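Asker: There's a structure below that I have some questions on.
The values are calculated or read from the model by the stated rules, or taken from the named source; none is laboratory data. Everything numeric in this text was worked out from a predicted model, so none of it was measured. Note: ideal-geometry Cβ built from the backbone for every residue, glycine included; neighbour counts use all protein chains shown.
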Amino acid sequence: MEVLDKELVDYDPLTIEQIFVKIGVFSGVHLDQLQFNIDLVKETTPFNHTEFVLELVQADFRCRDCGHRWSPVDYLVSCPVCQGHGIDRLAGMELFIDSITVAEEQEVDSGEG
Ligand SMILES: [Zn+2]
């Protein structure tokens, strides 16, 4: 949640309707676990009305030696084709806010009337 908090400081929490988060399968964060934690603490934060949409990102690795590209289900440290260890991890490690939906009309309860 600390990572998310930092990303969200530019926004007024009350205007945020949805937060789309991308989570790589190898980011170290379990989507179900994060969803559970968010639901748990959300009510006590300004984001209690916000819907968190978590999207799992499959891994995408590429071997620098032979160019083989694959989507590993395990965090392999070597290429399955040439056993090379020079691997570009193109996807699967991310953990970031992809987009944020902000309410168009801000309803401010200023206590008037
Ligand atoms: Zn290779």
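Asker: Any chance the range 67-74 includes a residue that's part of a loop (DSSP other than H, G, I, E, B) and at pLDDT 95 or above? If you could, list the steps in order and put the result at the bottom.
Answerer: To start, the set of residues in the range 67-74 that are part of a loop (DSSP other than H, G, I, E, B) comprises 67-68, 71-74.
Cutting the leftovers down to at pLDDT 95 or above gives us 67-68.
Yes - at least one qualifying residue is present in the range 67-74.
Asker: Specify which of the listed residues (Gly67, Gly84) is surrounded by 13 or more Cβ atoms within 10 Å (Cβ to Cβ) and within 12 Å of the ligand (Cβ to nearest atom). Break it down stepwise before answering.
Answerer: On the way: Gly67 fails: surrounded by 13 or more Cβ atoms within 10 Å (Cβ to Cβ).
The unique qualifying residue is Gly84.
Asker: Looking only at the range 32-64, how many residues end up being within 16 Å of the ligand (Cβ to nearest atom) and outside any loop (DSSP other than H, G, I, E, B)? Before the answer, list the steps.
Answerer: From the range 32-64, those within 16 Å of the ligand (Cβ to nearest atom) are 59-64; that's our starting set.
Cutting the leftovers down to outside any loop (DSSP other than H, G, I, E, B) gives us 60-63.
The total comes to 4.
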